[in-house]
Amino acid sequence: MLLSSLNIGDFRNFSQTQLEFDDKCNIFYGENGSGKTTILEAIYYLILGRSFRSHILRRIIKYDSNSFSLFGKIRQDNRTIPVGITKSTEASKHIKIAGKEVSSNIEITKLAPLQLLNHNSYFLLYEGPKIRRQFIDWGLFHVEQSFLDLWRKVERILGQRNIALRKKSPADHIRAWDKELARLGLELHNYRNQYINNLLPIAKTILQTLLGNFSINISYLPGWDVSTNLELFLTNNLKTDLQFGYTTAGPHRADLKILINNVPAKDTLSRGQQKLLLYGLQVAQGELLNQLTGKRCIYLVDDLLAELDMQKCCLLAKVLLDLEETQIFVTGLNPGDLETVFGNHSNSKKTLHVNNGTIEN
Ligand SMILES: Nc1ncnc2c1ncn2[C@@H]1O[C@H](COP(=O)(O)OP(=O)(O)OP(=O)(O)O)[C@@H](O)[C@H]1O
Ligand SMILES: [Mg+2]
């Protein structure tokens, strides 16, 4: 699946802009503040129904307008599927897919798996475990039909159990949730564990190309002592949970440990090396998605050249372009550097100059 066109209306500094995309490689260059990241943000918003920069709608709608609109065409096999979203300050929201109004972006998200490679990628190393669970869950969402439903059920039961813990309800009221939580939680754990096992060999190959011969170790931490039956574990842990007022251990506390030469990656790799590690992991996710489902994801890469030397930029560009039938959108300041990095690797590409909220071919 790929995005063949995008119409942007009153989104940040763009008034009305029609963009036609290359199937493989789309490069946007221009001065600071010209609107390069905004184009990636618009694609992201169309597909996921939210921004990666702000949760506040007013910040995203063009200053002199009250609503924005984004319309795109997604191509899947031989089908073209029109998708669109409009949002206004009066809180009205319309999302359409193939001419049909829908209540959320979820079907568009399923249709076009998307990976954003930007400074937010560093969150995987620097933020808490939730981000790392989301990293795993991205893959499961796109691979396992039933995953979203399972995840929502676990969250709902956990929420109920935590309310009971906070209220210091009698033990049997709290434990009433444990059987179902253990059953579904274990299912969630097995999915995640399997996903990481599948991802690791692919990631290692890609990371060897990008980083060289570091010893990379990524392990999945289940969130509780898996040698104990989960229901029994929850029972045994009840006293601690009552003290804290929430469920302190279980699959909802799962995490990933990323070690380089046995040291946490963020303590040992340089900033540029971290970028290569993180982007490499995201590329591996796309590769695994393809192996398991035949689907391809779209890559949005903001400021690809920042923090990387030219040789590493070329390596990263090659890794991205080697992904067959994968569409990438890249931004950068300097067209000459982008040409050096992408020119040798891609026959098919489109380079667009972004100038103060307009596009010049
Ligand atoms: N709601 C808005 N309405 C109009 N303009 C906006 C709005 N929000 C931001 N802007 C402006 O739109 C532009 C968006 O810039 P964007 O971040 O896309 O630039 P960029 O080309 O990625 O720059 P850089 O190279 O610095 O990353 C900026 O000039 C910003 O000031
Ligand atoms: Mg930018």
Got at least one residue in region 147-155 being exposed (fewer than 14 other Cβ atoms within 10 Å of the Cβ), within 28 Å of ASP22 (Cα to Cα) and of a type outside the set (Ser, Thr, Tyr)? no
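Residue-wise test of (1) over 26 Å from SER146 (Cα atoms); (2) in contact (Cβ under 8 Å) with a residue 60 or more places away in the chain; (3) of a type in the set (Ser, Thr, Tyr).
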position	(1), (2), (3)
ASP172	yes, no, no
LEU184	no, no, no
HIS189	no, yes, no
ILE202	no, yes, no
SER215	yes, no, yes
For region 51-78, which positions are surrounded by 16 or more Cβ atoms within 10 Å (Cβ to Cβ) and under 30 Å from THR326 (Cβ atoms)? SER51, PHE52, ARG53, ILE60, PHE68, SER69, LEU70, PHE71, GLY72, LYS73, ILE74, ARG75
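Yes/no per residue for (1) basic (Lys, Arg); (2) more than 20 Å from the chain's Cα centre (by Cα); (3) crowded, with 19+ Cβ neighbours inside 10 Å:
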| residue | (1), (2), (3) |
| --- | --- |
| THR235 | no, yes, no |
| TYR246 | no, yes, no |
| GLY250 | no, yes, yes |
| ASN262 | no, yes, no |
| SER270 | no, yes, no |
| GLN274 | no, no, yes |
| ALA284 | no, no, yes |
| GLU287 | no, no, yes |
Residue pairs meeting the criteria (Cβ under 7 Å; at least 6 apart or on separate chains; first over 16 Å from ASP322 (Cβ atoms), in region 15-26; second in a loop (DSSP other than H, G, I, E, B) and of a type outside the set (Ser, Thr, Tyr)): SER15/LYS62; SER15/GLY357; ASP22/LYS349
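Please report, ordered by residue number, the strands (runs of 3 or more DSSP E) entirely within region 81-122 with at least 3 residues that are in contact with a helix residue (DSSP H, G or I) (Cβ under 8 Å, 6 or more places away or on another chain). Show your work before the answer.
On the way: elements: 93-97, 100-102, 114-117.
Because the criterion is at least 3 residues that are in contact with a helix residue (DSSP H, G or I) (Cβ under 8 Å, 6 or more places away or on another chain), the strands (runs of 3 or more DSSP E) in region 81-122 that meet it are 114-117.
From the list PHE135, PHE147, exactly one residue is free of Cβ contacts under 8 Å to residues at least 60 places away in the same chain, under 18 Å from the mean Cα position of the chain (by Cα) and closer than 27 Å to ASN290 by Cβ. Which is it? Write out each step before concluding.
Details: PHE135 fails: free of Cβ contacts under 8 Å to residues at least 60 places away in the same chain.
Exactly one of PHE135, PHE147 is free of Cβ contacts under 8 Å to residues at least 60 places away in the same chain, under 18 Å from the mean Cα position of the chain (by Cα) and closer than 27 Å to ASN290 by Cβ, namely PHE147.
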Within region 1-71, considering only strands (runs of 3 or more DSSP E) that don't extend past its boundaries, which have at least 1 residues that are more than 19 Å from THR358 (Cβ to Cβ) and in the same structural domain as ALA91 (by TED's automatic domain parsing)? 2-11, 25-29
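The values are calculated or read from the model by the stated rules, or taken from the named source; none is laboratory data. What you see is a predicted model; the values in this text were computed from it and never measured. Please note: Cβ atoms are built from the backbone with ideal geometry, for glycine as well, and neighbour counts cover all protein chains shown.
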